[in-house]
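Quick notes on the structure that follows.
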Amino acid sequence: MIKRLFFTALILVSAVMTLPAQRPQVNMMELMRIAEEGDTAAQYQLAYCYDRGWGVRKDVALAAEWYGAAARRGHAESQNSLGNCYLLGDGVAQNDSLAAYWFEQAARQGHVAAQYSIGVSLLFGRGVKKDESQAVRWFRQAAAQDDADSQYNLGWCLETGTGVEKDERKAVFWYTEAARQGMPQAQYNLALCAHEGRGMEKDLKAYIFWLEQAAKRHDERAIEALATAYEQGIGVKRNTKKAQRLRKKLNSTHE
């Protein structure tokens, strides 16, 4: 089976990662005063208030403007957010080159989401010259900080020999790290490695375990593979009824 590098959805996830989960309680007039004085933390907070419409009317153009103000003063979170604005065309004209530039500025300061994003930019040559080995370097840095998306991509690069010497055992290690964080793409790939004995001993129990984990997270490939396993008795006792239920679940998602 061909494994697909998880790309578009991961970029969209990183685009919202820097925004706080809860609405901040702020005095907008005071926040604006402090931001206008050049305080980068206040500029960033004001930017995401405009981004979300928290305490002010939502205005993505003003959000991008304030992210830019803080980014130019070296605020890593704002640099990453500004990169996402350029990547998605939120409040600014879409520009892959500027997106990659700001991702790299934040990544150099250790910003995990930015390290992932510049890695993707380099891997696909989006806004920068394609450089798979540099992409792997950034994925490694983010993976070491427990970023599941980067752990998965690093595993994929190691498994396929993209930008790095092929090493299936190390690929399994990074797939496992991402899988343990609940990433279904990594869980599915890890299941395939267990089934085929790539980078690890062939282990049908592990194959079924990781398929079940990915299926719980609605990975369609895992649901189909699990149905086939029950249908043919691969790693589990043959159970055609369970196979039918799984396929029915799969079909229902397409209706």
message = Suppose we filter the stretch 89-114 for residues that are at negative phi, in a loop (DSSP other than H, G, I, E, B) and open to solvent by less than 50 Å² (accessible area, probe 1.4 Å); how many remain?
response = 2
inquiry  = residue 192 - would you say it is under 18 Å from residue 177 (Cα atoms), in a helix (DSSP H, G or I), modelled with pLDDT of 95 or more and not hydroxyl-bearing (Ser, Thr, Tyr)?
reply    = yes
key: Complete set of residues in the stretch 57-74 that are touching a residue at least 12 places away in the same chain (Cβ under 8 Å) and not in a loop (DSSP other than H, G, I, E, B)   = 60, 61, 62, 63, 64, 65, 66, 67, 68, 69, 70, 71
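Among 215, 206, which is open to solvent by less than 40 Å² (accessible area, probe 1.4 Å), more than 22 Å from the chain's Cα centre (by Cα) and more than 24 Å from residue 124 (Cβ to Cβ)?
Going through 215, 206 in turn, just one is open to solvent by less than 40 Å² (accessible area, probe 1.4 Å), more than 22 Å from the chain's Cα centre (by Cα) and more than 24 Å from residue 124 (Cβ to Cβ): 206.
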key: Failed item in (1) part of a loop (DSSP other than H, G, I, E, B); (2) touching a residue at least 24 places away in the same chain (Cβ under 8 Å); (3) closer than 30 Å to residue 79 by Cβ, with residue 198 passing the rest   = (3)
ask   = Could you say whether any residue in the stretch 151-164 is farther than 30 Å from residue 80 by Cα, of a type in the set (D, E, K, R) and either open to solvent by 10 Å² or more (accessible area, probe 1.4 Å) or part of a loop (DSSP other than H, G, I, E, B) (or both)?
value = no
task = Among residues belonging to the stretch 28-45 that are open to solvent by 50 Å² or more (accessible area, probe 1.4 Å) and assigned to a helix (DSSP H, G or I), point out the one that is farthest from residue 56 (Cα to Cα).
result = 41
task = Please find, among 26, 16, 92, the residue that is modelled with pLDDT under 95 and in contact with a Cys (Cβ under 8 Å, 6 or more places away or on another chain).
result = 26
query = If you check every pair at least six apart or on different chains, which have Cβ atoms under 7 Å apart with a residue in the stretch 153-167 that is hydroxyl-bearing (Ser, Thr, Tyr) first and a residue that is in a helix (DSSP H, G or I) second?
reply = 162/132
ask   = Hey, any hits in the stretch 117-136 for a residue that's open to solvent by 10 Å² or more (accessible area, probe 1.4 Å) and either acidic (Asp, Glu) or touching a Pro at 6+ places or on another chain (Cβ under 9 Å) (or both)?
value = yes
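Does residue 154 qualify as being among the hydrophobic types (A, V, I, L, M, F, W, C), closer than 30 Å to residue 114 by Cα, modelled with pLDDT of 95 or more and in contact with a Phe, Trp or Tyr (Cβ under 7 Å, 6 or more places away or on another chain)?
For residue 154, the condition - among the hydrophobic types (A, V, I, L, M, F, W, C), closer than 30 Å to residue 114 by Cα, modelled with pLDDT of 95 or more and in contact with a Phe, Trp or Tyr (Cβ under 7 Å, 6 or more places away or on another chain) - is met.
The values are calculated or read from the model by the stated rules, or taken from the named source; none is laboratory data. Just so it is clear, the model here is predicted, and its values are computed rather than measured. Neighbour counts are summed over all protein chains in view; Cβ atoms, including those assigned to glycine, are modelled from backbone coordinates with ideal geometry. Keep in mind that these areas ignore ligands, DNA and RNA; they rest on the heavy atoms of the full protein, side chains included. Shrake-Rupley method; radii C 1.70, N 1.55, O 1.52, S 1.80 Å.
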